[in-house]
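Below is one structure, written out as structure tokens; comments come after it.
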Amino acid sequence: MSAGPGEPGPTGTAPSPTWCVLGRSDGGRTALVMLDAEGAPLRSEYAAPEGLAALVGRVERESSPRWVLSDAAAWCPRLLSAGVTLQRCHDLRLVHRILRHSELVRDPAPLRAATAWDTPLDPHEPVRDTGATLFDLDAAPSRSGAVPSDLEETLAEFARQRTAIDGAQDPARLRLLVAAESAGALIAAELQAAGIPWDVAEHDRILSAALGPRPSPGTPPRRMVETGAEVREALGDPLVPLDSAPKLLRALHRAGIDVASTSQWELKEHQHPAIAPLLQYKKMSRLLTANGWTWLDEWVHEGRYRPLYVPGGVVTGRWASSGGGALQIPRQLRPALRADPGWLLVSADVSQLEPRVLAAMSGDRAMIAAGAGRDLYSGIVEAGVVSTRQEAKIGVLGALYGGTTGDSGRVVPRLRQTFPDAMRLVDDAAATGERSGTVTTWLGRSSPAPDEEWIRAQRAAHQVDAPAGARERARRAARDRGRFTRNFVVQGTAAEWALSWMAALRLRLAGFPAVPEPEAAAPSGPVFSRRAHLAFFLHDEVIVHAPAEQAEAAAAAIRDSADAAGRLLFPGSPIDFPLDLTISERSAQT
DNA sequence: TACCGTTGCGCG
DNA sequence: AAAGCGCGCAACGGTA
């Protein structure tokens, strides 16, 4: 494929482009290069910075091509702030990172040589906080550590990626992965633009109830002071600094509490009057430092919490986030997630996503049957494998994570008998990892190769004269890696399912009719104040913020999308993905 | 003053 | 020291 941006398009009725490549051109302009399905150029258009969003919006309305973007995270904010959303894209930065490692790609050498595209996203890069205003006059993305965005390089990389995908072992799967990953890039940009509707007053109520009223800056809240005093009283030491683990540990020892660390899990095992208030104090301290009033001031503005989502930020393909710990919002604060007046939150999470994904991947009939139409763990109990749901859960998690001791170590062998196909899949993945091999998800994302230090240690341990210590360390490192690859195939495939779910949902919601503009314009801006939209995503859970009259339809869209994702990844499989779904003003009851 | 490793804990 | 995967973040305490 070679595209000359200046080539004239055919006269008469222009054929509809399949792709539209955005790239920085000369004179500060941006080029839009339309390509047909084979990647041959049809025609080009150019936009000055101030006209870019309008032109992209027009092309999107006229022919909704798949947009080829060097980096959606860099291009989307300016488009979104101008009210332009894209239906579909191909994110070169994210796709490059998948393809250069994927075992399905037969010849990754050209991609690996294009090192400029291997720039990881720095999650602390601030451009998306300020970009829309600072760079308004700039036609192209601009941020440090960015991948190339000029037209020539963009077209060249797109050609490399198409060649890699077309020649891959299973192009159809890889195309699903590329589409899902790219949809994720659009969704992440839109989630940040929309923000999570956040009730500051409710958050403050929760904090005050737990900690006492908001103190003046620099002083601890009243209930923490009181509880801290109880701890020091019980320890008989009025000066223990409770926030310093080493000093607290020594004070615990002096009081005769024999613990190896100050972690709550260990403290719980001991009987001493200081334990209960100390555990309470730790809870309060965590809430204050992680999500206290300072967090509220820093992260919530105009009723919206806007974290930065980082698609592909985790090796397995899960998203990471940056900014206020979006993926770690404590359940305690969920009631602060609150719909705008006249709107509702539709929250849905998938029950036992990872074991279901494993059942589908391995085609394990018994495991699929155990989860059919019900709670998977209860199904395992009813199959007679274990006697309680808790045991079933611990056993399944042990299977997914590689547990060998305790309860999970006892239950896993029984699961191996009952669900041989599922267990073989994860056991094989672990064995491959221990042998330094690479494993691959259902759609084609491969685990990273072990690092040099790991390989060196394994090689050294296999020498005849290897010291016992080195041998044991190498064994442990091998088992560690085995647990990683064991989990990689499941966690990674679950991430692919979740992306497919959201991608389907996003397109359905985009088709909802616009509702009348509210009297006071919503703070999330025109794009997201007119119809139901995604507001939150957390691995196996979505929250849609919807006008009240669209809530039921949004709930149906969420369910339909989950079914669609299951059929897309596992066509013909009887596996189902049941949801827990609620519609309410708040995302959780107080 | 800036940076770094460790500890501890929140989420799935 | 959470039995076993993946993360982000704040605080401490030491070092440059």
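The values are calculated or read from the model by the stated rules, or taken from the named source; none is laboratory data. Remember, predicted model here, so these are calculated numbers, not experimental data. A quick note on method: Cβ atoms are made from the backbone with ideal geometry, for glycine too, and the neighbour counts reach across all protein chains shown. The accessibility values were calculated without ligands, DNA or RNA, using every heavy atom of the protein model including side chains. Shrake-Rupley method; radii C 1.70, N 1.55, O 1.52, S 1.80 Å.
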Tell me yes or no: at least one residue of the stretch A:399-407 is farther than 30 Å from A:ARG481 by Cα and not acidic (Asp, Glu). no
Considering every residue within the stretch A:451-460, establish whether at least one is polar (S, T, N, Q), out of contact with any Gly (no Cβ under 8 Å at 6 or more places or on another chain), more than 16 Å from DNA strand B (Cβ to nearest atom) and outside any helix (DSSP H, G or I). no
Within the stretch A:441-477, the count of residues that are within 30 Å of A:VAL178 (Cα to Cα) and either out of contact with any strand residue (DSSP E or B) (no Cβ under 6 Å at 6 or more places or on another chain) or open to solvent by 50 Å² or more (accessible area, probe 1.4 Å) (or both) comes to 11
Hits in the stretch A:352-374 (condition: of a type outside the set (A, V, I, L, M, F, W, C) and modelled with pLDDT of 95 or more): A:GLN352, A:GLU354, A:PRO355, A:ARG356, A:SER362, A:GLY363, A:ASP364, A:ARG365, A:GLY371
Would you mention how many residues in the stretch A:384-401 are surrounded by fewer than 21 Cβ atoms within 10 Å (Cβ to Cβ), more than 16 Å from DNA strand B (Cβ to nearest atom) and in a helix (DSSP H, G or I)? 3
Consider A:GLY379 carefully, then state whether it is surrounded by fewer than 22 Cβ atoms within 10 Å (Cβ to Cβ), more than 26 Å from the chain's Cα centre (by Cα) and part of a helix (DSSP H, G or I). yes
Hits in the stretch A:51-107 - residues which are farther than 24 Å from A:GLN161 by Cβ and open to solvent by 50 Å² or more (accessible area, probe 1.4 Å): A:ALA54, A:ARG58, A:ARG61, A:GLU62, A:SER81, A:ALA82
Being touching a Gly at 6+ places or on another chain (Cβ under 6 Å) and within 25 Å of A:TRP293 (Cβ to Cβ) narrows A:ARG205, A:ARG214, A:ARG223 down to just A:ARG223
Quick one: A:GLN328 ticks every box in (1) without any contact (Cβ under 8 Å) to a residue 24 or more places away in the chain; (2) within 23 Å of the chain's Cα centre (by Cα) except a single one, so which number is it? (1)
Filtering the stretch A:395-409 down to residues that are touching a Gly at 6+ places or on another chain (Cβ under 8 Å) and of a type outside the set (Ser, Thr, Tyr), which residue is nearest to DNA strand C (Cβ to nearest atom)? A:GLY403
May I ask you to list pairs of residues, at least six apart or on different chains, whose Cβ atoms are under 7 Å apart, with the first in the stretch A:276-289 being in the same structural domain as A:PRO241 (by TED's automatic domain parsing) and under 14 Å from A:HIS203 (Cα atoms) and the second being at pLDDT below 95 and within 12 Å of DNA strand C (Cβ to nearest atom)? none
So which pairs qualify, if the first residue must be in the stretch A:476-496 and closer than 20 Å to A:LEU569 by Cβ, the second must be surrounded by fewer than 24 Cβ atoms within 10 Å (Cβ to Cβ) and of a type in the set (Phe, Trp, Tyr), the Cβ gap must be under 7 Å, and the two must be at least 6 apart or on different chains? A:ASN487/A:TYR401; A:THR493/A:TRP442; A:GLU496/A:TRP442
Could you tell me whether the stretch A:348-371 includes any residue that is of a type in the set (Val, Ile, Thr), loosely packed, with under 15 Cβ neighbours inside 10 Å and not assigned by TED's automatic domain parsing to the domain that holds A:VAL544? no
Identify all residues within the stretch A:296-327 that are more than 26 Å from A:LEU177 (Cα to Cα) and either in contact with a His (Cβ under 8 Å, 6 or more places away or on another chain) or near DNA strand C (Cβ under 7 Å from one of its atoms) (or both); write none if there are none. A:LEU296, A:VAL300, A:GLY323, A:GLY324, A:GLY325
(1) in a loop (DSSP other than H, G, I, E, B); (2) at pLDDT below 55; (3) surrounded by fewer than 17 Cβ atoms within 10 Å (Cβ to Cβ); (4) under 26 Å from the mean Cα position of the chain (by Cα) all hold for A:PRO141 apart from (3)
Quick check on my filter: what residues within the stretch A:553-577 are among the aliphatic types (A, V, I, L, M) and within 21 Å of A:GLY511 (Cα to Cα)? A:ALA553, A:ALA554, A:ALA555, A:ALA556, A:ALA557, A:ILE558, A:ALA562, A:ALA564, A:ALA565, A:LEU568
Single condition A:THR404 does not satisfy, out of (1) farther than 22 Å from A:PRO574 by Cα; (2) surrounded by 19 or more Cβ atoms within 10 Å (Cβ to Cβ): (2)
A:LEU499 fails exactly one of (1) near DNA strand C (Cβ under 10 Å from one of its atoms); (2) in contact with a Pro (Cβ under 9 Å, 6 or more places away or on another chain), namely (1)
Scan the stretch A:294-318 for residues that are open to solvent by less than 10 Å² (accessible area, probe 1.4 Å) and aromatic (Phe, Trp, Tyr) and report the count. 2
Scan the stretch A:241-251 and give yes if some residue there is assigned to a loop (DSSP other than H, G, I, E, B), open to solvent by less than 50 Å² (accessible area, probe 1.4 Å) and not polar (S, T, N, Q), otherwise no. yes
When the residues of the stretch A:252-293 are filtered to those that are small (Gly, Ala, Ser) and near DNA strand C (Cβ under 10 Å from one of its atoms), which remaining residue is surrounded by the fewest Cβ atoms within 10 Å (Cβ to Cβ)? A:ALA260
Filter the stretch A:445-477 for residues that are touching an Asp or Glu at 6+ places or on another chain (Cβ under 8 Å) and hydroxyl-bearing (Ser, Thr, Tyr) and give the result. A:SER446
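Here is a yes/no grid of residues against (1) within 30 Å of A:PHE537 (Cα to Cα); (2) within 11 Å of DNA strand B (Cβ to nearest atom):
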residue: A:LEU248; (1), (2): no, yes
residue: A:GLU269; (1), (2): no, no
residue: A:LEU279; (1), (2): no, yes
residue: A:LYS282; (1), (2): yes, yes
residue: A:SER285; (1), (2): yes, yes
residue: A:ARG306; (1), (2): yes, no
Select, from A:ALA210, A:ALA172, A:ALA193, the only residue that is aliphatic (A, V, I, L, M), more than 16 Å from DNA strand B (Cβ to nearest atom) and open to solvent by less than 50 Å² (accessible area, probe 1.4 Å). A:ALA193
